[in-house]
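Peer 1: Supplied in structure tokens, the structure appears directly below.
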Amino acid sequence: MTETPPPSPKRPRKPKAKVVAKAETLRFPSKSDVVAFIKSSDETIGKREIARAFNIKGSDRIELKRLLKELAEDGLISKSRRFKEPGRLPAVTVIEIRGRDGQGEYYAAPVSWNEAEDGPPPKILVREGGRSSPSPAGVGEHWLARIDPLADGEGYSHTAKPIKRLPREVIADLGVFRARKDGGVIEPVNKKQMKEWRVEAGDLNGALDGELVRFAVSKHPRFGAIKARIVERLGNPESEKSVSLIAIHNHGIPTEFPAALAKELERLESPGLTGREDLRKIPLITIDPADARDHDDAVWAQADDAPENKGGFVVIVAIADVSFYVRPGSGLDAEAKKRGNSVYFPDRVVPMLPEELSNGLCSLVEEDRPVLAVRMVFGKDGRKLSHTFMRATMRSAAKLSYQQAQAAIDGEPDAKTMPLLESVLKPLWAAYEAVKTARDKRSPLDLDLPERKILLDEQGQVRDIVIPPRLDAHRLIEEFMIQANVAAAETLEEKKSPLLYRAHDAPSDEKINALREFLETLNITLAPGNLRPMQFNRILARAKDTEFSDLVNEVVLRSQAQAEYSSRNVGHFGLNLRRYAHFTSPIRRYADLIVHRALVKSLGFGPGGLSDQDAVEIDKTAEHISQAERRAMAAERETVDRLVAFHLAGHIGATFTGRISGVNKVGLFVRLDETGADGFIPAATLGRDYYKYSERDRALIGERSGETHRLGDNVSVRLADALPAAGALRFELLTDGKPGALRGKGRPRTDRIGKNQDMKRSKKRRG
């Protein structure tokens, strides 16, 4: 073959990759030359770089193309427009976090990988950064990472050091796989993606028909073709505990604790009594839900014997001393901070702390336990006169349920509560009656919004859906916890300590104006100016025992700002308090643990105090745990919706009563009376009229008839369809709207919708 002379020295060309010695010869390269050259490169290279390195020009490029094809067919190199050694990754590449291994470490795979040519993608161990380095927060994230080979990685071929989190280039979600002859389709479990995604046969990842899977959807960069691939198989979506698993995966909630924490847990020791107040002779008791497994607060009260406080009370609230065990900078601390809070589902709890702590060392069972306690003195009018914090040891006198304690007070004590009735329970209730007087005078926002509780059978299926009664026992514990939280905020402010407030701002002007407009349609006046909770309570009281009671409670709730954690004090509007912090649940909330540490440091209580790093990062921590709280609330709500949808899926065609809980341009949302289930009625199914959406009236109004379907209306519906995996129900409305109900009240701001709207759009396109 004709040799090609080297390029002119006047126009030197520098190859992008390193060139092996043989590449400097004038002969055409052999296969081993090309393979050696590709191996010597730190990155994938193209045919142009190879030709330039070996001075291949003209017709010899055809020979090079043939040689590269043979190398790829022999499996000696990988080809995807650019060439590399099989299984080799660029030094810096984009990875996708795929999950956690048995040690709790994240593992990943390259985003761009051709399984047909290169086989299964390499398994990459993610080396999480330190405090100043970024670390993944959940499955499905994309990261730019530095890649290093790993010689003996027990299943891992590379390690990755995260550099930067990247925007998601694919949609990662969960769905139910339905097999077809040439692959299959995925039915997403996300209500916002109610469409099927096509999966080719090569992207099934072994999934079987009906399995719950995690999948990724992406668009081809050039052609825009949509393709789905199954990333992970999660089992039968209708099996026990799989319903909450959907929410856990959807929201990236970590469920497994790293195995390395086991050594930390083994080293934990009891603090003993040294440097602690001894409260073991005081009959502190825990009052919790009957099925509670972690008990982080205990209470006790007695009449104050101080002559200057006749008729007053002394109350002690003792909280598990989690800060003694979970120290700043430890692995336990890092994992607790990452989770932010415990997440409660009907079939499971995803705890913030390992069970050895949450259900063991930190749970205030009837054994010696370390606590942070606050002793509060109240006057006979319920106002707090003073408080003192202490680091102490206690032993619970009894573990009671709300129902058990309430029954004893109501005259039906059992064997456990009878000995406690006169000495413990009655003084607690007497102290609560005094504190309640001050609470009523303070007048916090008093919304009446009962919460449904899902009861499951042994197979994890819905047995019943109930609305538990609201007992004085609930209110007692709630009010004493509020007082302890206020005391914590006051002490830390006095000590000028960094502080995580539980902040609840006043409603925005926009929301207040919208609420005022709506209440006017009910002939209820909301006074102008700065509002306080008392004014909202007057509105709620006026609507009580009317057909609009539920409706007014709902719209007042929606007008409120969302509570969050912040280092900036804006007060707590809903509780009508100037300062407020979370102190009483450090087992399940990281915010409370930070407040505990701040108290320990400020009051000189010994080890486990707030670190300098905690103080520096307090704003960042506040943002993170606020997001974690919203994530938990969304996951819990979605799980309840799915369980209820599974429960109702066998009742297609059945009729139910409910009320309209939401109205927008596209239809009505209805909440059923018996189960609290939420479903949707498309506007196009409402009848033969055009319907207008009135924002002011929260209603859909028939254009010709004036027939009105309004927020809060009582209705009858038929269940038309159920998508349990998505928690979605579709209803048909059986109740006629109120004829002309809102005529003569001026022209509301509206959006025209209805069946014929789509027909008009279709005609316009054809025209």
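Where a number appears in this text, it was derived from the coordinates with a stated rule and is not lab data. A quick note: this is a predicted structure, and the numbers were derived from the prediction, not measured. Cβ atoms come from the backbone with ideal geometry, glycine included; neighbour counts cover every protein chain shown.
Peer 1: Can you tell me the length gained on complete extension of the stretch Asp209 to Glu458, counting 0.36 nm per residue apart and subtracting the Cα distance?
Peer 2: Between Asp209 and Glu458, full extension yields 87.1 nm more.
Peer 1: Sticking with this one: Could you size up the charge dipole of region 515-557 around its Cα centre, putting +1 on the beta carbon of Lys and Arg and -1 on that of Asp and Glu, and report it in debye to the nearest 20?
Peer 2: That gives region 515-557 a dipole magnitude of about 280 debye.
Peer 1: Here's another thing I want to ask about it. Using DSSP to define loop residues, name the trypsin sites (Lys or Arg not before Pro) in region 299-338 whose beta-carbon has at most 12 other beta-carbon atoms within 10 Å.
Peer 2: Hits after loop and neighbour filter: Lys310.
Peer 1: Among Met633, His709, Thr675, whose Cα lies farthest out toward the positive end of the dipole of region 604-713, if unit charges sit on the beta carbon of Lys, Arg (+1) and Asp, Glu (-1)?
Peer 2: His709
Peer 1: Identify, among Val486, Leu385, Ile512, the residue whose Cα sits farthest towards the positive end of the charge dipole of region 366-513, taking +1 on the Cβ of Lys and Arg and -1 on the Cβ of Asp and Glu, with the dipole about the Cα centre.
Peer 2: Leu385
Peer 1: Which Cα, out of Val552, Met534, Thr521, lies furthest along the positive dipole direction of region 515-557 (beta carbon charges, K/R +1, D/E -1)?
Peer 2: My answer, from the dipole projection, is Met534.
Peer 1: State the volume of the convex hull built on the alpha-carbon positions of region 217-372, expressed per residue in Å³ and rounded to an integer.
Peer 2: Working: hull volume 34.3 nm³, N = 156.
For region 217-372, the hull spanned by Cα atoms encloses 220 Å³ per residue.
Peer 1: Could you compute the FRET efficiency for Ala684 and Gln403, with r as their C-beta to C-beta distance and R0 at 56 Å, rounded to 0.05?
Peer 2: 0.75
Peer 1: By how many nm would the segment from Glu355 to Lys31 grow when fully extended, if each residue of separation counts as 0.36 nm and the alpha-carbon distance is taken off? Could you put the intermediate results ahead of the total?
Peer 2: Details: separation 324, 0.36 × 324 = 116.64 nm, distance 5.90 nm.
That works out to 110.7 nm of additional length.
Peer 1: Moving on to the next point. Expressed as a whole number of Å, what is the distance separating the alpha-carbon centroids of region 555-613 and region 418-467?
Peer 2: Comparing the Cα centres of region 418-467 and region 555-613, I get a distance of 23 Å.
Peer 1: Let's test the formula: R0 of 25 Å, r as the Cβ-Cβ distance of Glu494 and Ala306. What FRET efficiency results, to the nearest 0.05?
Peer 2: Approximately 0.65, to the nearest 0.05.
Peer 1: Above 11 Å lies some portion of the pair distances; for region 613-652, what is it as a whole percent of all C-alpha pairs?
Peer 2: Summing the P(r) of region 613-652 above 11 Å gives 69 percent of all pairs.
Peer 1: Counting only residues 5 or more places away or on other chains, whose amide H sits under 5 Å from the amide H of Gly312 once H atoms are built in the peptide plane?
Peer 2: HN-HN under 5 Å from Gly312: Asp304, Lys380.
Peer 1: Then there is this: Using a simple spin-label model with points 7 Å from Cα along the Cα→Cβ vector, what separation in nm is obtained for Arg475 and Ala151?
Peer 2: It works out to 7.2 nm between the two label points.
Peer 1: Right, next: If you put +1 on each Lys and Arg Cβ and -1 on each Asp and Glu Cβ, how big is the dipole of region 494-576 around its Cα centre, in Debye rounded to 20? Numbers along the way, then the final one.
Peer 2: On the way: 11 positive and 11 negative charges, 98 e Å.
Charge dipole of region 494-576: 480 debye, to the nearest 20.
Peer 1: What does the charge add up to near Leu455, with Lys and Arg as +1, Asp and Glu as -1, over the other residues with Cβ less than 11 Å from its Cβ?
Peer 2: -1
Peer 1: Hey, another quick one. Please report, largest first and rounded to whole Å, the three semi-axes of the ellipsoid equivalent to region 331-405, where each semi-axis is the square root of five times an eigenvalue of the C-alpha gyration tensor. Don't jump to the answer; show the numbers that get you there.
Peer 2: Details: eigenvalues 163, 62, 49 Å².
Semi-axis lengths for region 331-405 are 29, 18, 16 Å.
Peer 1: Counting just the Cα atoms, what span does region 515-557 cover along each of its three principal axes? Round to the nearest Å and put the largest first.
Peer 2: So the three principal-axis extents are 28, 19, 15 Å.
Peer 1: What is the set of long-range amide H partners of Val715 at a cut-off below 5 Å, with H atoms built 1.01 Å from backbone N?
Peer 2: Correct list: Gly658, Arg659, Ile660.
Peer 1: For Gly235, enumerate residues with amide H under 5 Å from its amide H, sequence gap 5+ or separate chain, H modeled in the peptide plane.
Peer 2: Placed amide hydrogens put Leu212 under 5 Å from Gly235.
Peer 1: When Lys and Arg each count +1 and Asp and Glu each count -1, what net charge do the other residues less than 12 Å away from Trp429, Cβ to Cβ, add up to?
Peer 2: -2
Peer 1: Something else: Report the GluC sites (Glu not before Pro) located in region 433-471 that are in a DSSP loop and have at most 11 other Cβ atoms inside 10 Å of their Cβ, or state none.
Peer 2: Of the GluC sites (Glu not before Pro), the ones in loops of region 433-471 whose Cβ has at most 11 other Cβ atoms within 10 Å are Glu451, Glu458.
Peer 1: Next question. Which entries in the list Lys161/Lys337; Lys263/Lys337; Lys69/Lys123; Lys123/Lys181; Lys380/Lys453 go over 25 Å, if you measure between the two C-alpha atoms of each? Walk me through the numbers on the way to the answer.
Peer 2: On the way: Lys161/Lys337 21 Å; Lys263/Lys337 19 Å; Lys69/Lys123 27 Å; Lys123/Lys181 30 Å; Lys380/Lys453 37 Å.
As for pairs spanning more than 25 Å Cα to Cα, those are Lys69/Lys123; Lys123/Lys181; Lys380/Lys453.
Peer 1: Now a separate question. Can you tell me the length gained on complete extension of the stretch Val666 to Glu256, counting 0.36 nm per residue apart and subtracting the Cα distance?
Peer 2: In short, 143.5 nm is gained.
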